[in-house]
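The values are calculated or read from the model by the stated rules, or taken from the named source; none is laboratory data. These numbers were taken from a predicted model, which means no experiment stands behind them. For neighbour counting, all protein chains shown are included, and Cβ atoms are generated from backbone atoms with ideal geometry for every residue, glycine included. Remember, those area values only see protein heavy atoms, side chains included, never the ligands or the DNA or RNA. Shrake-Rupley method; radii C 1.70, N 1.55, O 1.52, S 1.80 Å.
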Amino acid sequence: MFETLQDRLSGIFETLTKRGALSESDVNAAMREVRRALIEADVALEVVRSFIDKVRERAVGKEVIRSVTPGQMVIKIVHDTLVETLGAEPEPVDLQAVPPVAIMMVGLQGSGKTTTTAKLALRFTQEDKKKVLMASLDTRRPAAQEQLKILGEQAGVDTLPIVPGEDPVRITRRALDAARLGGYDVVMLDTAGRLHVDEELMRESVEVRDIAKPHETLLVADALTGQDAVNVARSFDERVGVSGIVLTRVDGDGRGGAALSMRAVTGKPIKLLGTGEKLDGLEIFHPDRVANRILG
Ligand code: GDP
């Protein structure tokens, strides 16, 4: 995901470190190059602008220019500013609430929502030793409920039995009741997606939210869609309210812009990364590690 950006930045920094002493105009020239690399990586313009301003402000201080290794100092400043842009500290999904803790999964169709629901349920089961119930509220896509059931069987996680003809609100109520009666720690609600953000999708998500009162609402977004992923996250947050973001397909050939813009544009943390189709393809998002990956 970050290979191209990493190549571009390492080229820029190599030139910079080779120069030895740096003038303000050297730093400015390097920043122009970094700016171009970020724009090519599909990072939102407002994020690029504020990133470059911060780095420049920190780097043109006399300390850097007079230092013995000014290039290294600029790289350190870029690294620290990247970490800050990505969100500083990891923010894991929070399960600290009275059980059954409801987790609502939202996002567009094809973003990886159902797969992520099962991946996360598996993680809660194995690592947090929680008893998890999953329910699919997707009554529109014919095979969606069946898909979650199959994933549940693979993951060894219970799914709410399917009742044909039920609407999402009824399924939500039944899932909450089943979770309570069955002594589950976590109940995961996999809501329906659409190909685009539309009014009906939002209304349905709000309705489910009001009934389930989720402790976390996770927006699943496809990293390969770049700035569209960021716009989708913003729309969901405005209408439904989002507590965190899962960025999927970071194993794919994207340009990295979604990861870099998400936090700054939406103000919401990326909590997890989807790194493959299999159920173990889920990682906690560490801003520091991602910054290291970007800088090579
Ligand atoms: P939904 O419509 O949002 O529920 O999407 P699905 O969960 O059905 O996922 C759509 C496709 O994307 C499936 O083929 C998944 O296996 C695949 N997928 C989901 N997450 C990832 C990921 O992180 N990486 C890759 N490479 N594929 C993924």
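Okay, here's what the table says:
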item: Single condition residue 190 does not satisfy, out of (1) open to solvent by 40 Å² or more (accessible area, probe 1.4 Å); (2) under 21 Å from the mean Cα position of the chain (by Cα); result: (1)
item: Selection within region 207-231 - out of contact with any Lys or Arg (no Cβ under 6 Å at 6 or more places or on another chain) and open to solvent by 20 Å² or more (accessible area, probe 1.4 Å); result: 207, 209, 210, 211, 213, 214, 215, 225, 227, 228, 231
item: Complete set of residues in region 154-197 that are in a helix (DSSP H, G or I) and not charged (D, E, K, R); result: 154, 155, 168, 169, 171, 172, 175, 176, 178, 179, 181
item: Residue check for residue 129: under 25 Å from the mean Cα position of the chain (by Cα), among the basic types (Lys, Arg), surrounded by fewer than 16 Cβ atoms within 10 Å (Cβ to Cβ) and more than 26 Å from residue 235 (Cβ to Cβ); result: yes
item: Enumerated strands (runs of 3 or more DSSP E) restricted to region 202-296, each holding at least 3 residues that are within 12 Å of the ligand (Cβ to nearest atom); result: 216-222, 244-248, 270-274
item: Flag if residue 139 is in a loop (DSSP other than H, G, I, E, B) and within 14 Å of the ligand (Cβ to nearest atom); result: yes
item: Cβ-Cβ under 6 Å pairs, at least 6 apart or on other chains, region 15-42 side open to solvent by less than 90 Å² (accessible area, probe 1.4 Å), far side of a type outside the set (D, E, K, R) and in a loop (DSSP other than H, G, I, E, B); result: 27/60; 41/256; 42/226
item: Number of positions in region 271-294 that are of a type in the set (A, V, I, L, M, F, W, C) and closer than 14 Å to residue 84 by Cβ; result: 3
item: Filter result (open to solvent by 10 Å² or more (accessible area, probe 1.4 Å) and under 12 Å from the mean Cα position of the chain (by Cα)) within region 252-263; result: 263
item: Residue within region 107-116 that is over 30 Å from residue 15 (Cβ atoms) and in a strand (DSSP E or B) present; result: yes
item: One residue from 80, 94 being more than 26 Å from residue 185 (Cα to Cα), more than 16 Å from the ligand (Cβ to nearest atom) and not hydrophobic (A, V, I, L, M, F, W, C); result: 80
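Residues are listed down the side, and each one gets a yes or a no for (1) touching a Leu at 6+ places or on another chain (Cβ under 9 Å); (2) under 25 Å from residue 229 (Cα atoms); (3) of a type in the set (S, T, N, Q):
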position: 15; (1), (2), (3): no, no, yes
position: 19; (1), (2), (3): no, no, no
position: 31; (1), (2), (3): no, no, no
position: 36; (1), (2), (3): no, yes, no
position: 42; (1), (2), (3): yes, yes, no
position: 49; (1), (2), (3): no, yes, no
position: 53; (1), (2), (3): no, yes, no
position: 59; (1), (2), (3): yes, no, no
position: 63; (1), (2), (3): no, no, no
